[in-house]
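Here's the structure we're looking at; comments come further down.
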Amino acid sequence: MLQSWQCIHTQSKVVTPADGAGIPNSRHRSALWVATLSQTETQWSDTYCTKRVCRVVVRTMAGADQQQAEASSGGRFYCLLPLLLGCLVFFNSLGGDFVHDDLSAVRYNEDVTAGSDADGRSKSGSIWSNDFWGTALSDVKSHKSYRPLTVLSFRWNYLVGGFNPVGYHLVNVALHGAVVIIFAQICRDRLKSSLRTSLISASLFAIHSIHTEAVAGIVGRADILATLFFLLSFSSYHRLMEESEERVGRQCFRWASSVVLAWASLTAKEHGIATLPVAVLFDVTSTFHVKHIRLADKRVHRVGDLSPSASPKKVNQFHRIVGTSLAVVSMTLWRLLILNGQLPTFSEQDNPLALSHHLLTRVLSLLYLPAVNMGLLLAPVSLSYDWQTGSIPAIVTWSDGRNAVSFLFYVSLAAIAIVGFIRTNKIVIWSVLVMIIPMVPCSNLFYAVGFVVAERLLYMPSLGFCLLVGHGLDNLLIILATAGGDQQQSANNNQGTVLLRTGFNHKIKRSKTEAGECSWPKLMRRLILISTVVTATSLLTKTLVRNEEWSSRKTLFSSGLRTMPNNAKIHYNYANLQRDMGDWDQAVYHYRQAIQLWPSYSSAHNNLGTLLLGRSAGPAVEAERNRLVDEAERHFRQALAVHFKHVHARYNLAVISICHRHDLDQAVSLLIDCLALDPQHKPAKKLLNFLTVGRYRSPPIHDNQNSQGRKMNETVEEGRGGDLRQKNPITMDDLLLILLEN
């Protein structure tokens, strides 16, 4: 047996003159392996184990030659197909407008326009002290979403093309294409996946419908930028793992590049903090085990799947892990320092599951949310731009059937992670880490976030999901190809003459049943091919349709109403749209629907009261007018009961006090409270100026007013004999304009 192995090893090094000196001929080598092992198998036909070993070695050599041929033929152009798919499928998003969060984050954000403040000073540096929406981080109303790099990219867009939405959408599509290319290269060059795995994974990521909100929505650029720098940082860190023999200076440069790119990912969006933890955990878990294969009474250590850092040089890996861990701690402390020690505060309306008062409901519901995210990745059928109030009912008891879905999800994920860790499969390890770690900051584990589910947050975790799908599909095709080869060989042997143990020759012909059994792997491969084409076509169609839905406020809000009819915020947004379009009947109906679904919806109460108050000017019948005014006042007071600091509800009550109750003292008191809560409320300023200057009255000072309110009183008193008295009095027509301004 040993002589046969030596013969195989010697003959495999034969080089023909046509191949050139020193260059092995892979086709000739494979033929020699097959011929020699066939002879060996014939000589040792009585040993079943020997035949199995020979077949495994032949397939291994053939697979190595096939991978070498793929690498030489594919070159660097294998990622062009996913890039083309990613650009084409989002091409129809270029005609979209500013919708939903785009208006507040881009269109009306002064940090984007780089304007000047009241003193004429430039606000170019405010992006480093304001949140994503243009509010100062020190403000209690700030969402604490610190994304200066994303805001800076919006500013560049504005400087080039103003508020033309085509430029913003074009940048998003281009960044998505860059993410697709880098993802394909990491799969192929860093994780050492096959060409087919890289193509399937990158193509699936390029066309997945869950990415519509991130690419077609302009504010989704934050997720794309965070993912782009995440991939670049991991690529730099992995090169540091592979090139441990380089000089210390170059290693330090690669490590510093990885840290800087991770910081860029963090400044693009918050979950970029997961960049370095993914790299460190991958470094530890992918080099933890060394597989052992026993062959011919000798133990062979196979380290082909491990990075060079798994070599005896443990100090290099130790330095990498310690240095990167310190960088993670430093960036986390820096991020908390930016927040001035304050965490964002959200209402129960924003995230009713995480802010539930019942512990069991909160725990079971939050455990179910990752399963919902996985369901959106597996089957993106019901997609919505908002998943807040009423979209996902809370789980209040253990008997809820959704608990079984949660259990199945966590068991499956744990099984995949354990198998990948035991086998040291770098593809599986990286996929699981990317699916889990970036979702930790928004999992409500450390603090309550302002949403239940957000589709654009799945942009980065979907990298791991797509790679798992591509890797699994590739392995399944390899298994079917291997099974088909075994059955074909068995069928060829059965077609000939078989020498039985009794010494007689018999002709054995295959029956139709046997022929059908031999072709089942081929049928399975065809079935997989058809399923893949159907799935890809469905995803393409769904993505194109979603792009059209994100093109305008009308199409987006209408799609949300069809998908999530039990979502109170979707009814509220649709009512605002109908109000702006002039259809007050539809607006009132959907405001009432929002209040019915969420009775403590303060904004819906206020807006409904505003419409009812506007309608009160129409009816000539006094009773109908009084009924509308009374109902409007009731909604304003309900809004204040839910949200005591609701400025607009106080202002509207002041309007009712002036026009219908003729209680000027109460109106002045409400207006002073408005300015105490929001000193920049212009309608309240104008109306208070009319009441105190135009009529030469001073507002009363109440004992329960805060310091800001007292200061406003003092300002008004000074204005009685000062500059305010010198202004022209405001007429009743001006008052009507002031009342309608809000």
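The values are calculated or read from the model by the stated rules, or taken from the named source; none is laboratory data. Small disclaimer: the values here were computed from a predicted structure and weren't measured. Note that we place each Cβ from the backbone using ideal geometry, even for glycine, and neighbour counts take in every protein chain shown. Accessible surface is based on the protein model in full, side chains and every heavy atom, while ligands, DNA and RNA are left aside. Shrake-Rupley method; radii C 1.70, N 1.55, O 1.52, S 1.80 Å.
In this structure, Ala481 qualifies as modelled with pLDDT under 90, open to solvent by 20 Å² or more (accessible area, probe 1.4 Å) and not polar (S, T, N, Q). Considering the conditions (1) under 16 Å from the mean Cα position of the chain (by Cα); (2) closer than 14 Å to Pro438 by Cα, Thr267 is excluded by exactly one of them, (2).
Of the residues making up the range 414-423, one or more are outside any helix (DSSP H, G or I) and under 30 Å from Phe205 (Cα atoms). If you check Ser153 against the conditions, is it within 27 Å of Val449 (Cα to Cα) and open to solvent by 10 Å² or more (accessible area, probe 1.4 Å)? So Ser153 fits the description; yes. Residues in the range 167-180 that are more than 15 Å from the chain's Cα centre (by Cα) and either under 15 Å from Leu204 (Cβ atoms) or not β-branched (Val, Ile, Thr) (or both): Gly167, Tyr168, His169, Leu170, Ala174, Gly177, Ala178.
The condition of being open to solvent by 20 Å² or more (accessible area, probe 1.4 Å) and either modelled with pLDDT of 95 or more or closer than 17 Å to Leu231 by Cβ (or both) holds for only one of Ile429, Ile437, that being Ile437.
Of all residue pairs spaced 6 or more apart or on separate chains, those with beta-carbon atoms under 6 Å, a first member in the range 385-406 that is over 30 Å from Trp550 (Cα atoms) and a second member that is in a loop (DSSP other than H, G, I, E, B) and of a type outside the set (S, T, N, Q) are Arg402/Ile395. Count of the range 414-435 residues, restricted to those that are within 23 Å of Leu376 (Cβ to Cβ) and in contact (Cβ under 8 Å) with a residue 24 or more places away in the chain, is 9.
A Cβ distance below 6 Å, combined with a sequence gap of six or more or placement on separate chains, defines the contacts here; from the range 275-295, residues that are closer than 25 Å to Leu228 by Cβ reach residues that are at pLDDT 75 or above and surrounded by fewer than 18 Cβ atoms within 10 Å (Cβ to Cβ) in the pairs Val280/Ile321; Thr285/Phe421. Could you check the range 343-365 and list, in sequence order, the residues that are touching a Leu at 6+ places or on another chain (Cβ under 6 Å) and part of a helix (DSSP H, G or I)? Answer for the range 343-365, where residues must be touching a Leu at 6+ places or on another chain (Cβ under 6 Å) and part of a helix (DSSP H, G or I): just Ser365. Which residues, taken from the range 156-183, are open to solvent by 10 Å² or more (accessible area, probe 1.4 Å) and under 18 Å from Phe229 (Cα atoms)? Hits for the range 156-183 are Val171, Val173, Ala174, Leu175, Ala178, Ile181, Ile182. When residues in the range 636-652 are screened for being in a helix (DSSP H, G or I) and out of contact with any helix residue (DSSP H, G or I) (no Cβ under 9 Å at 6 or more places or on another chain), 0 of them pass.
The residues of the range 546-556 that are buried (at least 18 other Cβ atoms within 10 Å of the Cβ) and over 21 Å from the mean Cα position of the chain (by Cα) amount to a single one, Arg553. Need pairs with beta-carbon distance below 7 Å; first residue free of Cβ contacts under 8 Å to residues at least 40 places away in the same chain and under 12 Å from Leu343 (Cα atoms) and within the range 131-146, second open to solvent by 10 Å² or more (accessible area, probe 1.4 Å) and part of a loop (DSSP other than H, G, I, E, B); sequence gap 6+ or separate chains. Listed pairs, sorted by first residue: Lys141/Thr135. Against the conditions (1) touching a Pro at 6+ places or on another chain (Cβ under 7 Å); (2) modelled with pLDDT under 95, Cys442 satisfies every one except (1).
For beta carbons closer than 9 Å, sequence separation of 6+ or different chains, a first residue in the range 227-256 that is over 30 Å from Val215 (Cβ atoms) and a second that is of a type in the set (Phe, Trp, Tyr) and open to solvent by less than 10 Å² (accessible area, probe 1.4 Å), the qualifying pairs are Met241/Phe282; Arg254/Tyr237; Trp255/Tyr237. Met460 satisfies every condition listed in (1) at pLDDT 85 or above; (2) over 22 Å from Ala184 (Cα atoms); (3) assigned to a loop (DSSP other than H, G, I, E, B) except (2). Where helices (runs of 4 or more DSSP H) fall wholly inside the range 133-214, the ranges with 2 or more residues that are closer than 30 Å to Val381 by Cβ and of a type in the set (A, V, I, L, M, F, W, C) are 165-185, 195-207. Being touching a strand residue (DSSP E or B) at 6+ places or on another chain (Cβ under 6 Å) and either modelled with pLDDT under 90 or small (Gly, Ala, Ser) (or both) is a property that Ile293 has.
Taken over the range 376-397, the residue count meeting the criterion of being surrounded by fewer than 16 Cβ atoms within 10 Å (Cβ to Cβ) and either under 18 Å from Val434 (Cβ atoms) or modelled with pLDDT of 95 or more (or both) is 1.
Yes or no, residue by residue, for (1) at pLDDT 95 or above; (2) of a type in the set (A, V, I, L, M, F, W, C):
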position	(1), (2)
Ser519	no, no
Lys522	no, no
Arg525	no, no
Leu529	no, yes
Thr543	yes, no
Ala568	no, yes
Arg579	no, no
Tyr601	no, no
Arg615	no, no
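Checked against (1) within 23 Å of the chain's Cα centre (by Cα); (2) open to solvent by 10 Å² or more (accessible area, probe 1.4 Å), Ala206 passes all but condition (2). Considering only residues of the range 672-681 that are assigned to a loop (DSSP other than H, G, I, E, B) and under 17 Å from Asn606 (Cβ atoms), which is least open to solvent (accessible area, probe 1.4 Å)? Among those that are assigned to a loop (DSSP other than H, G, I, E, B) and under 17 Å from Asn606 (Cβ atoms), it is His681. From the list Ala136, Ala105, exactly one residue is within 26 Å of Leu261 (Cα to Cα), modelled with pLDDT under 90 and in contact with a helix residue (DSSP H, G or I) (Cβ under 9 Å, 6 or more places away or on another chain). Which is it? Just one listed residue meets the conditions, Ala136. Candidates in the range 225-251 are the residues that are surrounded by fewer than 23 Cβ atoms within 10 Å (Cβ to Cβ), assigned to a helix (DSSP H, G or I) and of a type in the set (S, T, N, Q); of these, the one that is farthest from the chain's Cα centre (by Cα) is Gln251.
Taking the conditions exactly as written (among the charged types (D, E, K, R) and modelled with pLDDT under 90), does Glu624 satisfy them or not? Yes: the conditions hold for Glu624. Candidates Cys54, Cys49: the one that is open to solvent by 40 Å² or more (accessible area, probe 1.4 Å) and at pLDDT below 50 is Cys49. Can you spot a residue in the range 664-671 that is part of a helix (DSSP H, G or I), among the β-branched types (Val, Ile, Thr) and modelled with pLDDT under 90? For the range 664-671, residues part of a helix (DSSP H, G or I), among the β-branched types (Val, Ile, Thr) and modelled with pLDDT under 90: present. The single residue among Asp189, Asp223 that is under 24 Å from Cys442 (Cβ atoms) and of a type in the set (Asp, Glu) turns out to be Asp223.
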